[in-house]
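**Student:** Dropping a structure here in structure tokens format, bear with me for questions.
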Amino acid sequence: MGSFRCCIAVIFTVVGMSPLLLGEEKFVIDPAHSEVHFTLVDVLHTVRGTFRIQQGEVVFNPVDGHASGSVAVDAMSGNSGNSVRDRKMTNEELKAESYKSVTFAPTRFTGTFHDSGHSDVQVRGLFMILGTAHEIDVPMQIEANGNQVRAIGKFDVPYVQWGLKDPSTLMLRVNKEVQIELSLTGTLQR
């Protein structure tokens, strides 16, 4: 009976341990200093714009590559500098009244994270848009200085393949992928 109590005590101790004791670190994103940039090319010109980050927190373990958390983007905040195009993007393509956020939930990463200086990592996770999750890999460049972190990630979204409306017309042909750049600034909590 004594060894049973000892095992139970060990289990409760491990379960109750702080994430930091288990090797996990937390990147808390500052929405005021972070945003998503997008680029969409058509035959006549290139459309560039931004979306605002609503919130974000990523917990990761530099030892085993496990990651969790999410980065939420305000689907109603798209700004390309053209109000008619932005309304159409918000209402018709993103259906933002029904799907208020676009999210990325990391699950794993590969590469070495350095507590200071530059790191290159590959983050795998689920990109949720229009209520459907798509697994993607995002190469991230990270600069850490003390507890201050800046992370840049670039990837393409095959938006038509993923169920978004194609904005092409008879006269105007639009690329079927939109280029995304995550620009995330925040603090590292150990």
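The values are calculated or read from the model by the stated rules, or taken from the named source; none is laboratory data. Since the structure is predicted, the reported quantities are computational estimates derived from the model, not experimental observations. Note: ideal-geometry Cβ built from the backbone for every residue, glycine included; neighbour counts use all protein chains shown.
**Student:** Please go through the stretch 102-120 and give me each residue that is surrounded by fewer than 18 Cβ atoms within 10 Å (Cβ to Cβ) and either in contact (Cβ under 8 Å) with a residue 24 or more places away in the chain or farther than 23 Å from ASN147 by Cβ (or both), ordered by number.
**Tutor:** Correct list: ALA105, THR107, ARG108, THR110, THR112, HIS114, ASP115, SER116, GLY117, HIS118.
**Student:** Please determine whether any residue of the stretch 121-129 is free of Cβ contacts under 8 Å to residues at least 24 places away in the same chain, more than 24 Å from SER77 (Cβ to Cβ), aliphatic (A, V, I, L, M) and surrounded by 14 or more Cβ atoms within 10 Å (Cβ to Cβ).
**Tutor:** Yes.
**Student:** Taking LYS88, is it part of a strand (DSSP E or B) and farther than 22 Å from PHE155 by Cα? Even if it seems obvious, please write down each step before you answer.
**Tutor:** Numbers: part of a strand (DSSP E or B): no; farther than 22 Å from PHE155 by Cα: yes.
No.
**Student:** Let me ask something else about it. Check the stretch 14-26 and report whether any residue there is in a strand (DSSP E or B), at pLDDT 95 or above and within 24 Å of HIS134 (Cβ to Cβ).
**Tutor:** no
**Student:** Something else about it: Looking at the stretch 144-159 only, could you name the residues that are closer than 18 Å to PHE38 by Cβ and outside any strand (DSSP E or B)?
**Tutor:** Applying the first criterion (closer than 18 Å to PHE38 by Cβ) to the stretch 144-159 yields 151-159.
Listed by number, the residues that qualify are PRO158, TYR159.
**Student:** Just to check your reading of the model, which residue among GLN141, GLN179 is loosely packed, with under 15 Cβ neighbours inside 10 Å and part of a strand (DSSP E or B)?
**Tutor:** Going through GLN141, GLN179 in turn, just one is loosely packed, with under 15 Cβ neighbours inside 10 Å and part of a strand (DSSP E or B): GLN141.
**Student:** May I pose another question? Might you let me know whether the stretch 160-167 holds any residue that is buried (at least 18 other Cβ atoms within 10 Å of the Cβ) and in a strand (DSSP E or B)?
**Tutor:** no
**Student:** What number of residues within the stretch 54-95 satisfy the criterion of being over 18 Å from the mean Cα position of the chain (by Cα), among the acidic types (Asp, Glu) and crowded, with 16+ Cβ neighbours inside 10 Å?
**Tutor:** 2
**Student:** Here's something else I'd like to know. Where residues in the stretch 144-159 are at negative phi and of a type in the set (Gly, Ala, Ser), which of them is surrounded by the most Cβ atoms within 10 Å (Cβ to Cβ)?
**Tutor:** Here the residue is ALA151.
**Student:** Does VAL36 fit the bill of being modelled with pLDDT under 95 and either surrounded by 12 or more Cβ atoms within 10 Å (Cβ to Cβ) or more than 18 Å from HIS134 (Cβ to Cβ) (or both)?
**Tutor:** On the way: modelled with pLDDT under 95: no; either surrounded by 12 or more Cβ atoms within 10 Å (Cβ to Cβ) or more than 18 Å from HIS134 (Cβ to Cβ) (or both): yes.
No.
**Student:** Still on this structure, please answer the following. Just to verify a result, which residue in the stretch 57-83, among those that are among the aliphatic types (A, V, I, L, M) and at pLDDT 95 or above, is nearest to GLU24 (Cα to Cα)?
**Tutor:** My answer is VAL59.
**Student:** Same structure again: Looking only at residues in the stretch 93-132 that are among the aliphatic types (A, V, I, L, M) and in a strand (DSSP E or B), which one is farthest from ARG52 (Cα to Cα)?
**Tutor:** Start the filter on the stretch 93-132 by keeping residues that are among the aliphatic types (A, V, I, L, M), which leaves 94, 96, 102, 105, 121, 123, 126, 128-130.
After this cut, where a residue has to be in a strand (DSSP E or B) as well, the list is 102, 105, 121, 123, 126, 128-129.
On the way: VAL102: 11, ALA105: 17, VAL121: 23, VAL123: 21, LEU126: 19, MET128: 16, ILE129: 15 Å.
Result: VAL121.
**Student:** How about the stretch 45-84: which of its residues are aliphatic (A, V, I, L, M) and part of a strand (DSSP E or B)?
**Tutor:** Passing the criteria: VAL47, ILE53, VAL58, VAL59, ALA67, VAL71, ALA72, VAL73.
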